[in-house]
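What follows is calculated from the coordinates using simple rules that are stated; it is not laboratory data. Values in this document were obtained by computation on a predicted structure and should not be read as measured data. No Cβ is skipped: glycine too gets one built from the backbone with ideal geometry, and neighbour counts run over all protein chains shown.
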Amino acid sequence: MRPSRTQTLAMTIDEKVRKTLAELGVTDAAGVEALFGEVRAAMEQERSSLVSHGASSEAERDRLSKSLRDRWLARQNGLLANIDERWLKTSPKELKPSVGKSFNGLRQAAAALEMDALVKGVGLKIPTKVAAVDAAEIRGAGLRDLTLPGYCRPLGSLHPVTQMQREIEQIFLNLGFRIEDGPEIESVYYNFDALNIPESHPSRDDWDTLYINAQTVLRTHTSPVQIRAMEKYGAPLYIIIPGKCYRHDNPDASHTPMFHQIEGLAIDSDITFADLKGTLDFFAKKLFGEKIHTRFQPSFFPFTEPSGEVAISCIFCGGEGCRVCKESGWIEVMGCGMVHPQVLHNGGIDPEKYSGWAFGLGVDRYAMMKYDINDIQLLFQSDVRFLEQF
Ligand code: DAH
């Protein structure tokens, strides 16, 4: 006799695989999908409970893994073998395609129960010492399992780019700067026009822009937040702006379409190029060590005048020349300059009363330098074997 609905609900997976679909009252594709969904959830639950519980020795880990694997995958009488026998082989013709499809999906998911995969996932616990716990207290509390080692969850850590960003932020916070942020989906006005980069000006091509529509882009740099902050706070203003930026770049060892910048902006009365040089030299020494030197070379950015490129003496060879600095002894670390009067004006600040300096740097490259990483792709592939080194 076909079991009632409540009886079916109360059955365990082990009981269900001993019945045919007809006996379980499954007569259509939706029912098949629901049933297989239940099996997958049970399988995942058993796997994750083993993984999170861990094992206290290699032998125990292997034994627990093997028993879970056999329970599901043993050729003789494993749960999948039963499902094949009772649900797939005997299913009515019209249900075969959906049972076959779900069964294949289940089989693929069951790869996570093969010994190799399990053994990798199940952590080994360091046995907890319980000697210090008073025996009477254990008896009094009626606790039996104090000798059972606790759950061992792998500990995460901050991403190397986040660590680098925080280190840079801290230096400027200590100088009295504040942290500001802005949208990653930005208007063409803030990303370009307000920064003195007019349409059709060739310098717009320096930023390989991802357009969302004619007026909207994924910001190509953090500079648009300069204008937003000027509008919001006016002068004086001392801020740094960390954040994600996007460019239409092909991924290679030094490019990713998404990357991180930190922008700096100082606006006040009587700010001069000497303030810019002094602050950036101080920053570089704090971050890379007192021994390094800074070099300022003229450059061009539409939003600063004059503009500069800052280099530090190579932190790997001390300026002698090596593979990293391409034998030049110098590593370029940021663009900078005195804020263009037109940009101050666009931000609602009177360039007759105030002046300012700004810089922009690539955080990912700093992290690569600091941690000696030679391929930027590694930073964004989320491979735990890489990330757990930091
Ligand atoms: N926004 C520039 C870029 O993405 C970097 C930059 C250069 C920012 C000079 C600045 C600056 O604020 O003054 O290439």
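For A29, the criteria (1) touching a helix residue (DSSP H, G or I) at 6+ places or on another chain (Cβ under 8 Å); (2) touching a residue at least 12 places away in the same chain (Cβ under 8 Å); (3) within 14 Å of M115 (Cβ to Cβ); (4) surrounded by fewer than 16 Cβ atoms within 10 Å (Cβ to Cβ) hold in every case but one, which is (3).
Answer yes if at least one residue in the range 339-355 is more than 30 Å from P236 (Cβ to Cβ) and surrounded by 13 or more Cβ atoms within 10 Å (Cβ to Cβ), and no otherwise. Looking through the range 339-355, none of the residues is more than 30 Å from P236 (Cβ to Cβ) and surrounded by 13 or more Cβ atoms within 10 Å (Cβ to Cβ).
Filtered by the rule that a residue be within 14 Å of the ligand (Cβ to nearest atom), in contact with a helix residue (DSSP H, G or I) (Cβ under 7 Å, 6 or more places away or on another chain) and not aliphatic (A, V, I, L, M), the range 227-254 gives R228, P242. One residue stands out in the range 32-61 among those that are exposed (fewer than 15 other Cβ atoms within 10 Å of the Cβ) and among the aliphatic types (A, V, I, L, M): the one that is nearest to K101 (Cα to Cα), namely A34. In summary, strands (runs of 3 or more DSSP E) completely within the range 281-382 and bearing 1 or more residues that are more than 13 Å from the ligand (Cβ to nearest atom) and of a type in the set (F, W, Y) occur at 330-339.
For the range 258-281, the set of residues classified as within 21 Å of V161 (Cβ to Cβ) and either among the acidic types (D, E) or touching a Pro at 6+ places or on another chain (Cβ under 6 Å) (or both) consists of I262, E263, listed by residue number.
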